[in-house]
Amino acid sequence: MARTDLPLVTLSSKGAARLAGGHPWVFRSDIAQAPNTPPGLVRLQDTRQRPLGTALWSPASEIRVRRLEADPERTVDAGWWHDAIARAGARRRPLGAHTDAWRVVHGEGDGLPSLVVDRYADVLVVQLLSAGIETQRAHIVDALRALERPEGILARNDAAVRAREGLSRTTEPLLGHVPESVEFREHGVRMLAAPHTGQKTGAFLDQRDNRALVGSLARGRALDVFSYHGSFAQHLARGADSVTAVDVSADALARGAENAALNGHAHVTTVVADAFDWLREARTRGDRFDTIVIDPPAFAKSRAALPQAMRGYADVFRLGLLLLAEGGTLFAASCSHHLGLPDFLDVLEHAAADSGRRVTLRQLTTQPLDHPIVLTIPETQYLKGALLTVD
Ligand code: SAH
C-alpha cells in the first residue's frame, strides 16, 4: 500500500513533462505548489491531481525534487531501499572476476538520485549528496549492511554540492571500522585507496577498464600525467621498461610510491610538478615516450567554462602527442560532463592538427559497467577516453 501521509507536492506541467521524459529531477521553478515541509519523502502529483510517485524533497536546493519511485502504489520504505540496492549490487557481480573495488550505487545512473556507494575490498564509502537522501540514511545503511556485509561504512559527506543543499560537510563513520588506507585489486594490480582523505571516495574507480586497456598496450618508456596515486602507472609498469608518474599532489604521489612498492614496480618514478610546465620542459629536453596517459581533472566545471576548458584539453593533449616516439600510443581522457563527446572529438582534432603529426584514433571508451549512463539523464554521462597513435 502506498503511504498517503506524505506531504503532497504539485508539479507544473513542465515539471511533470520532465519526469515523463525520463529525468528524475524537478527544479524549484517547476514546483506548482508545495507545503512548507522539511527534507524527506514527498508524494508527487500533476496539476490535474494525477499521482506521479514518490520523491526526495530538498527545500533549500534548486533541485527540489528527485523522484525515486514512479509507481504511486509502491511505498518507499526499508524494503524498497533493500530491493533497489540489491538490484544495483547484482548488476556489478561480473566485475568480481577482475576486481574487489567498484561503485555499488551510481546515483541517478542506478535510479537512486544523489546516492553514491563505493566498495573497496571489505569496506564501503557512501556519499549522501542531497538533503532528501540524508533523511533515508538509516534505511540505506541497513540495506548495505544486510546486502554487502561490509566491515565498515564511511560517509564521505564532504562534497561541495552538500552546501547547496543546506547540509554540513563532514566525514563520519556510519558502521564498524574503515582504515585510513585500504588495499584493493584491479586487473592483477594491487592498489591502496584512501577513503578518509583521498579524492572522490578514495580512488578513481571509473578508469578501471581504461587502465587495463592501456596496461595491455604499454611498452618502452611510459608516462602517466595527472597520475593521482599512480593508478595508470601501475598498469603501464607491467609492459613498460620505465614509467614516470606526474601529479601536482605530493600526498597522492606518496601513495603512488607505496602502490609501486606494493607491486614490486621499482621502475616507476614519481614527479611532483604542474603537468603543463612539466610537459613543456620535457619537450624542451627532447624527451620521447612510447606510451602516454593524460587523464586531467575536470577542466569544465560549468557550461560557461567550456571554451576555456576545451583550449586547456587541446593544449595538454597536443603536448602529449608531441612527446610520443614514432609508433607511440597516447590515451587521452576527459571527465567533464559539460564537454560532450562531439566536443571531445573536436578537442582531439585540434590537438592532432596543432601537433603536426598524423594521429589515428584507435578506440573510444566511456564509463564502465558500474558507472552506468541513463540516456534520458545527460548528467550521468561524463567520462570519455581516446586511444591515439602516431606514425
Ligand atoms: N589518473 C588518475 C586520476 C586523475 S584525477 C587515476 O586514474 O586514478 C586528476 C589528477 O590531476 C589529480 O590527482 C590532481 O592532483 C591532478 N592535478 C590537477 N591539476 C594538476 C596540474 N596542474 N598538474 C598536475 N596535476 C594536476
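The values are calculated or read from the model by the stated rules, or taken from the named source; none is laboratory data. Bear in mind the structure is a predicted one, so any value in this text is a computation, not a measurement. Methodologically, a virtual Cβ is constructed for each residue, glycine included, from the backbone with ideal geometry; neighbour enumeration extends over all protein chains shown.
Just a few scattered comments:
- Qualifying residue in segment 338-357 (condition: under 19 Å from residue 224 (Cβ atoms), modelled with pLDDT of 95 or more and surrounded by fewer than 20 Cβ atoms within 10 Å (Cβ to Cβ)): no
- Residue match in segment 303-315 (condition: within 14 Å of the ligand (Cβ to nearest atom), closer than 28 Å to residue 339 by Cβ, in a strand (DSSP E or B) and of a type in the set (D, E, K, R)): no
- Residue 300 being over 23 Å from residue 235 (Cα atoms), surrounded by 15 or more Cβ atoms within 10 Å (Cβ to Cβ), within 16 Å of the ligand (Cβ to nearest atom) and small (Gly, Ala, Ser): yes
- Test: residue in segment 108-129 that is closer than 26 Å to residue 55 by Cα and within 14 Å of the ligand (Cβ to nearest atom): yes
- Count of residues meeting criterion [free of Cβ contacts under 8 Å to residues at least 24 places away in the same chain, in a helix (DSSP H, G or I) and more than 9 Å from the ligand (Cβ to nearest atom)] in segment 256-294: 4
- Among the conditions (1) out of contact with any Asp or Glu (no Cβ under 9 Å at 6 or more places or on another chain); (2) of a type outside the set (S, T, N, Q); (3) not in a helix (DSSP H, G or I), residue 333 misses just one, which is (1).
- Residues being part of a helix (DSSP H, G or I), small (Gly, Ala, Ser) and near the ligand (Cβ under 9 Å from one of its atoms) - total across segment 217-255: 3
- Residue 32 at pLDDT 95 or above, surrounded by fewer than 21 Cβ atoms within 10 Å (Cβ to Cβ), part of a strand (DSSP E or B) and among the hydrophobic types (A, V, I, L, M, F, W, C): yes
- The numbered conditions (1) more than 24 Å from residue 247 (Cβ to Cβ); (2) within 21 Å of the chain's Cα centre (by Cα); (3) surrounded by fewer than 19 Cβ atoms within 10 Å (Cβ to Cβ); (4) in contact (Cβ under 8 Å) with a residue 40 or more places away in the chain are all true for residue 370 except (3).
- Filtered residues of segment 355-378 (kept if closer than 17 Å to residue 324 by Cα and touching a Phe, Trp or Tyr at 6+ places or on another chain (Cβ under 9 Å)): 355
- Residue that is over 22 Å from the mean Cα position of the chain (by Cα) and either crowded, with 16+ Cβ neighbours inside 10 Å or β-branched (Val, Ile, Thr) (or both), where the choices are 272, 316, 293: 272
- Condition met for residue 145 (more than 16 Å from the ligand (Cβ to nearest atom), at pLDDT below 95, more than 19 Å from the chain's Cα centre (by Cα) and over 30 Å from residue 235 (Cα atoms)): no
- Some residue of segment 189-211 being more than 13 Å from the ligand (Cβ to nearest atom), assigned to a strand (DSSP E or B) and farther than 23 Å from residue 317 by Cβ: yes
- Segment 316-329, subset in contact with a Phe, Trp or Tyr (Cβ under 9 Å, 6 or more places away or on another chain) and within 16 Å of the ligand (Cβ to nearest atom), residue farthest from residue 348 (Cα to Cα): 323
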